[in-house]
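Q: Take a look at this one; I'll ask things after.
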Amino acid sequence: MRPLDAFDLPEWLGEDEVTWTSAEAIRSGASIGGVLLGPGDAQEPCDLLAVDLAFPAPVVTDEIRTAAHQAWQHGQVLLLEASGRLTLAVPGTCFDADLVLDTLTRLAKAVGAAPTAYAVRLRLGGAEAR
C-alpha cells in the first residue's frame, strides 16, 4: 500500500456526476470492493478499508492506521493505492451505510467536487441477513 494524492486521480471525479457502487455486501468485513462510475464508460476501481480490524491479524500497518485516523480527525479520508486500486482507508472495523456515505463525501471534497455530485449504490447483506 502507498499513499495517493487526490491530484493523481482522474479529473472526472471532481468534474462530473459520480456513483460509487459496491461489489459486495456491506457489513461483510473490513474491506468492501467497489467502483466509481462516471460519464460514458469512465470508471475507477475504488475499495473501502476499515483500518482497525486487528484479529486474526492487523489489516494495515500501524503507520497507515495512524494516518487514517489523523486524516479522519481533520475531516478527510486517507487515499491509498493497494493492489493497483484506489482504496479509501477509514477508522473502524466494519462498514454500515452511514460510514460509507461519510467516506464518499470526504472523497468528493478531496477531489474538489460537491458531495451532491456523488451517489452511492450499496449491496445489502451480511451474516445476519441470511
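The values are calculated or read from the model by the stated rules, or taken from the named source; none is laboratory data. Source: prediction; values computed, not measured. Here Cβ is always computed from backbone atoms with ideal geometry, including for glycine, and neighbour counts include all displayed protein chains.
Q: Under the condition of being modelled with pLDDT of 95 or more and part of a loop (DSSP other than H, G, I, E, B), which residue from region 62-83 is nearest to the chain's Cα centre (by Cα)?
A: The residue in question is V77.
Q: Just one of the numbered conditions (1) touching a residue at least 40 places away in the same chain (Cβ under 8 Å); (2) closer than 11 Å to L49 by Cα; (3) out of contact with any His (no Cβ under 7 Å at 6 or more places or on another chain) is not true of R65; which one?
A: All conditions are met except number (1).
Q: Just give me the residues in region 93-127 being touching a helix residue (DSSP H, G or I) at 6+ places or on another chain (Cβ under 6 Å), free of Cβ contacts under 8 Å to residues at least 60 places away in the same chain and either surrounded by 15 or more Cβ atoms within 10 Å (Cβ to Cβ) or assigned to a strand (DSSP E or B) (or both), in sequence order.
A: The one that is touching a helix residue (DSSP H, G or I) at 6+ places or on another chain (Cβ under 6 Å), free of Cβ contacts under 8 Å to residues at least 60 places away in the same chain and either surrounded by 15 or more Cβ atoms within 10 Å (Cβ to Cβ) or assigned to a strand (DSSP E or B) (or both): T105.
Q: Further question on the same structure: Looking at (1) out of contact with any helix residue (DSSP H, G or I) (no Cβ under 9 Å at 6 or more places or on another chain); (2) more than 16 Å from L78 (Cα to Cα); (3) not small (G, A, S), which is the one condition that is false for F7?
A: Only one criterion in (1) out of contact with any helix residue (DSSP H, G or I) (no Cβ under 9 Å at 6 or more places or on another chain); (2) more than 16 Å from L78 (Cα to Cα); (3) not small (G, A, S) is unmet by F7, namely (2).
Q: Something else now. Quick one: which strands (runs of 3 or more DSSP E) lie wholly within region 1-60 and hold at least 1 residues that are in contact with a Gly (Cβ under 9 Å, 6 or more places away or on another chain), on the phi < 0 side of the Ramachandran plot and modelled with pLDDT of 95 or more?
A: Those strands (runs of 3 or more DSSP E) span 18-25, 43-50.
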